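The values are calculated or read from the model by the stated rules, or taken from the named source; none is laboratory data. Predicted model, so just to flag it, every value in this text is computed and none were measured. Here Cβ is always computed from backbone atoms with ideal geometry, including for glycine, and neighbour counts include all displayed protein chains. Calculation scope for accessible area: heavy atoms of the full protein, side chains included, ligands and nucleic acids excluded. Shrake-Rupley method; radii C 1.70, N 1.55, O 1.52, S 1.80 Å.
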Amino acid sequence: MDLGELARLYDFRGKTVVITGGAGILGGEMACALVGCMANVAILDRDAALAERLLRRIDTSIGRCSIVYGDVLDATKLTDARDRVLAEFGSVDALINAAGGNDPRATTGPAAAFFDLPPEALRSVLDLNLLGTILPSQVFGKAMAERKGGVILNITSMTASRPLTRVPAYSAAKAAVSNFTRWLAVHMAQEYSPAIRVNAIAPGFFLTEQNRFLLTDPATGGLTPRGQRIIDHTPMGRFGTPEDLLGAVLWLLSPAAAFVTGAVIPVDGGFSAFSGV
Ligand SMILES: NC(=O)c1ccc[n+]([C@@H]2O[C@H](COP(=O)([O-])OP(=O)(O)OC[C@H]3O[C@@H](n4cnc5c(N)ncnc54)[C@H](OP(=O)(O)O)[C@@H]3O)[C@@H](O)[C@H]2O)c1
């Protein structure tokens, strides 16, 4: 191995990467980085306006980027999106399943007992995170199976292995995403090609719109007791920033991870390693 070979492993020129939820905080950061590495990036999101705003942040003089409207819970729209990506870029080399998140209505609290959480809120969280990972993996994974190569990268969470308080459906859904990651890794390797790899990253705590209400106090801007407990249990003593994910993402997408499949990689400042003592 020398620097030249290292650079070749991380050469994303002409590789097409589809990012569901690519207009969101974490997916958007991955989109910017991959375009910066000269990949062709297709941002698949349901909010076209948000995606257009992101496009203004991206330097498309380096790589190519397009926005494909799509809903990860609608197989027909996903198939249309795949056809548009194939028509524009010719192939799909990688899929990042970054659409996901919690719903405040599916969160327990002083005014919301577990027993009263509405079924439709619980179902929407389970669907978005689990089905919203499975359906794009079916649609884009089929194109990978046909050409016998590709990479799928899922986004799970710390809550998958040790459930966090207050978010029962999100915890269960992310545990299922980790499980599905391993299942699909085995299935793709055995049934289609060992050159199709499926992995996940498990981010720790990143301050984003979907968890800001749990981690910070809107009145003071300071940490809530929950936010403080997270920092106390993160040996590195801070929340993650979206850029903190990029090293693991680029590694798992690249041939540097050619023998890695079915893995769930924590990117968590040490949260999962710490017993609390
Ligand atoms: N932030 C964290 O601390 C953290 C930690 C661990 C794991 N994660 C996971 O990382 C992933 C990205 O999180 P994030 O913080 O970047 O969240 P985000 O900013 O809310 O991004 C998620 C994106 O997915 C889109 N989306 C939602 N439903 C969709 C659907 N049905 N079809 C297509 N797109 C849809 C959202 O659009 P709308 O705005 O229209 O809803 C949004 O653009 C999620 O899976 C999340 O669970 C986040």
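The listed residues ARG64, ARG8 rank as ARG8, ARG64 when sorted by accessible area, largest first, using a 1.4 Å probe. With contacts taken as Cα pairs under 8 Å at a separation of at least 6 residues, segment 7-86 carries a relative contact order of 27 percent. Amide H contacts of PHE206 (H built 1.01 Å from N, in plane; Pro and chain starts excluded): GLY240 sit under 5 Å, all sequence-distant by 5 or more or on other chains.
Put simply, the amide H of CYS65, placed in the peptide plane, has neighbours under 5 Å in VAL41, leaving out anything fewer than 5 places away on its chain.
When THR208, THR79 are compared by accessible area of protein heavy atoms, the largest-first order is THR79, THR208, using a 1.4 Å probe. Couplings 3J(HN,Hα) of segment 100-111, computed from phi: x, x, 9, 10, x, 6, 9, 10, 6, x, x, 9 Hz, in residue order, whole Hz [Karplus 6.51 cos²θ - 1.76 cosθ + 1.60, θ = phi - 60°; x for Gly and Pro]. A simple spin-label model places the labels of GLU88 and ALA111 4.1 nm from each other, with each point 7 Å out along Cα-to-Cβ.
Taking Cα pairs under 8 Å and at least six residues apart, what relative contact order does the chain come out at, in percent? Relative contact order here is 17 percent. Note on surface exposure: ILE25, ILE231, ILE196 rank ILE25, ILE231, ILE196 by accessible area, highest first, 1.4 Å probe.
Using the Stokes-Einstein relation with a Kirkwood hydrodynamic radius computed over Cα pairs, the translational diffusion coefficient of segment 107-233 at 10 °C and a viscosity of 1.306 mPa s comes to 97 µm²/s.
The chymotrypsin sites (Phe, Trp or Tyr not before Pro) found in segment 1-110 that occupy coil by DSSP, while having at most 16 further C-beta atoms within 10 Å, are TYR10.
Note on LEU44: accessible area is roughly 0 Å² with a 1.4 Å probe, heavy atoms of protein only. As a calculated quantity, the FRET efficiency between ASP80 and VAL277 at R0 = 51 Å, using C-beta atoms, amounts to about 0.45. Coordinate range of the alpha-carbon atoms in segment 21-160 per principal axis, descending: 50, 33, 26 Å. In this view, the solvent-accessible surface of SER161, computed with a 1.4 Å probe and all protein chains in place, comes to about 90 Å².
Note on the chain: Rg/Rh from C-alpha atoms, Kirkwood Rh, equals 0.96. LYS142: which aspartates and glutamates have alpha carbons under 14 Å from its alpha carbon, excluding same-chain residues fewer than 8 sequence positions away? LYS142 reaches ASP80, ASP83, ASP93, GLU191. Distant-in-sequence amide contacts of ILE152, defined by a placed amide H-H separation under 5 Å and a gap of 5 or more residues or a different chain, comprise LEU95, ARG197, VAL198, ASN199.
Annotation note: GluC sites (Glu not before Pro) in segment 189-243 located in DSSP loop regions with a Cβ neighbour count of at most 11 within 10 Å are GLU209. Based on Cα contacts under 8 Å between residues 6+ apart, segment 1-53 shows a relative contact order of 38 percent.
Spin-label model, TYR10/ARG53: points 7 Å from Cα along the beta carbon direction are separated by 3.0 nm.
Restricting attention to segment 91-228, close to 15% of DSSP beta bridges with both partner residues there are antiparallel.
Restricting attention to the chain, close to 5% of DSSP beta bridges with both partner residues there are antiparallel. With distances taken between every two different alpha-carbon atoms, segment 42-120 has a Kirkwood hydrodynamic radius of 15.2 Å. Using only DSSP helix segments of four residues or longer, with each worth -39500 (n - 2.57), what per-residue ellipticity at 222 nm results for the chain after dividing by its residue count and rounding to 500? After summing the helix terms and dividing by the residues of the chain, the value is -12500 deg cm²/dmol.
Shape class for segment 162-277, computed from the alpha carbon gyration tensor (a ≥ b ≥ c): prolate, with a/c not under 1.5 and a/b above b/c. Membrane-span-like helices in the chain (whole DSSP H runs, Cα extent of at least 15 Å along the helix axis, mean Kyte-Doolittle hydropathy of at least 1.0): 25-36.
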